[in-house]
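The values are calculated or read from the model by the stated rules, or taken from the named source; none is laboratory data. As the structure is a computational prediction, the values presented were derived from the model and not from experiment. In this analysis, Cβ positions are derived from the backbone assuming ideal geometry, glycine residues included, and neighbour counts consider all displayed protein chains. Each accessible area value is taken on the protein alone, full model and side chains, heavy atoms only, with ligands, DNA and RNA left out. Shrake-Rupley method; radii C 1.70, N 1.55, O 1.52, S 1.80 Å.
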Amino acid sequence: MFDLNANPGLEGIDPKRIPVHVACVMDGNGRWAKKRGLPRTAGHTAGEEALMDTINGALEIGVKWLTVYAFSTENWKRPPDEVRFLMRFNESLLVRRRNELHEKGVRIRFTGRRDWRVPRRLLRRIDESAEMTRDNRTMTLTIAFNYGGRAEIVDAVASMIADGVQASKVSEKIIRSHMYFSDMPDPDLVIRTSGEYRISNFLLWELAYSELFFSDVLWPDFRRCHLFEAIREYQRRDRRYGGLEV
Ligand code: IPE
Ligand code: IPE
Ligand code: MG
């Protein structure tokens, strides 16, 4: 557990009620760059610092699962140059950061569709990073890449049919067990940056009862202090799951 006295930034946070799983829609890179008269890609580059500070903040406060949305199944609609940049950028980010994350006990995993459009080299880096960090348990960092919540549900249904699951046996438990990572707990808190109030196909099944936090900060400006602010707000919410307050 963290020491409040050692870090005044954590004031007001109850160390016993830290969300187990925090998920982030890292949005606003393009607008951040545009405001500065830079190409959109400069916003993605600047997002790396935001990601690392968020990961380190999550580690500091004891978040066990952090999931970040890096590329959606709809992001292929972007201009080919930007898509190509994002493929290379994510690959190089992994190579640049995986040792440091490994040393900190982070297990790196990818969630999403491995289709033909994802460059083979990126897939290789993904597999290497997952393999290298597979036994780490301080935190699981799941990077949602070529991920869509609807695609995940479609894939789960297809795999249930392939497994011969009988209609009478279909249940929430069975569906969950066919999702990309059945051991991943549902997110307690979902943060979306950049002032957009939507989910954009992120973790549709998993966020049924997540607390949602929307921030106006553009992703490249996001830092651990914003994560802590979201957690403070999370701790003020009553999670009733359809029941009544006790
Ligand atoms: C989020 O930033 C990163 C990705 C979707 C890959 P955007 O690129 O969507 O930035 P905005 O929303 O256009 O500002
Ligand atoms: C969501 O952001 C996807 C990621 C952050 C990777 P988008 O920028 O793609 O979402 P929309 O288009 O604003 O809904
Ligand atoms: Mg966006």
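When you go through Thr67, Thr45, Thr111 one by one, which is the residue that is of a type in the set (S, T, N, Q), within 16 Å of ligand 1 (Cβ to nearest atom), within 13 Å of Met139 (Cα to Cα) and touching a residue at least 24 places away in the same chain (Cβ under 8 Å)?
Thr67
Here is a yes/no grid of residues against (1) farther than 18 Å from Phe222 by Cβ; (2) within 16 Å of ligand 2 (Cβ to nearest atom); (3) out of contact with any Ser or Thr (no Cβ under 9 Å at 6 or more places or on another chain):
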position: Lys34; (1), (2), (3): no, yes, yes
position: Gly43; (1), (2), (3): no, yes, yes
position: Leu51; (1), (2), (3): no, yes, yes
position: Val68; (1), (2), (3): no, yes, no
position: Pro79; (1), (2), (3): yes, yes, yes
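Please work out which one of (1) within 11 Å of ligand 2 (Cβ to nearest atom); (2) of a type outside the set (S, T, N, Q); (3) surrounded by fewer than 21 Cβ atoms within 10 Å (Cβ to Cβ) is the condition Val83 fails and give its number.
The number of the failed condition is (1).
Under 8 Å between Cβ atoms, which residue pairs at least 6 apart in sequence (or on different chains) link something in segment 223-237 that is touching a residue at least 24 places away in the same chain (Cβ under 8 Å) and among the polar types (S, T, N, Q) with a partner that is part of a helix (DSSP H, G or I) and surrounded by fewer than 21 Cβ atoms within 10 Å (Cβ to Cβ)?
Sorted first by the residue in segment 223-237, then by its partner, the pairs are Gln235/Arg17.
Is it the case that some residue within segment 217-229 is of a type in the set (Asp, Glu) and open to solvent by 20 Å² or more (accessible area, probe 1.4 Å)?
yes
Looking only at segment 124-139, filter to residues that are of a type in the set (A, V, I, L, M, F, W, C) and crowded, with 18+ Cβ neighbours inside 10 Å; which one of those is nearest to the chain's Cα centre (by Cα)?
Only one residue tops the list, namely Met139.
Open to solvent by less than 70 Å² (accessible area, probe 1.4 Å) and in a loop (DSSP other than H, G, I, E, B): does that describe Asp53?
no
Please specify each residue of segment 180-199 satisfying the condition of being within 13 Å of ligand 3 (Cβ to nearest atom) and either free of Cβ contacts under 8 Å to residues at least 12 places away in the same chain or open to solvent by less than 50 Å² (accessible area, probe 1.4 Å) (or both).
Passing the criteria: Arg192, Thr193, Ser194, Gly195, Glu196, Arg198, Ile199.
Residues of segment 58-78 being surrounded by 22 or more Cβ atoms within 10 Å (Cβ to Cβ) and assigned to a helix (DSSP H, G or I), which ones?
The one that is surrounded by 22 or more Cβ atoms within 10 Å (Cβ to Cβ) and assigned to a helix (DSSP H, G or I): Ala58.
Out of everything in segment 25-78 that is within 12 Å of ligand 3 (Cβ to nearest atom) and among the basic types (Lys, Arg), what residue ends up being nearest to Asp14 (Cα to Cα)?
Arg31
Given the residues Tyr197, Tyr180, Tyr147, which is the only one that is within 15 Å of ligand 1 (Cβ to nearest atom) and under 13 Å from Thr67 (Cβ atoms)?
After ruling out the rest, the residue left standing is Tyr147.
For residues in segment 14-40 being under 16 Å from Phe228 (Cα atoms) and part of a helix (DSSP H, G or I), which is least open to solvent (accessible area, probe 1.4 Å)?
If we take residues in segment 14-40 being under 16 Å from Phe228 (Cα atoms) and part of a helix (DSSP H, G or I), then Pro15 is least open to solvent (accessible area, probe 1.4 Å).
For segment 100-123, how many residues are loosely packed, with under 12 Cβ neighbours inside 10 Å, assigned to a helix (DSSP H, G or I) and either out of contact with any helix residue (DSSP H, G or I) (no Cβ under 7 Å at 6 or more places or on another chain) or at pLDDT below 95 (or both)?
The total comes to 2.
Of the residues in segment 54-92, how many are within 12 Å of the chain's Cα centre (by Cα) and more than 27 Å from Pro19 (Cα to Cα)?
Number of matching residues: 0.
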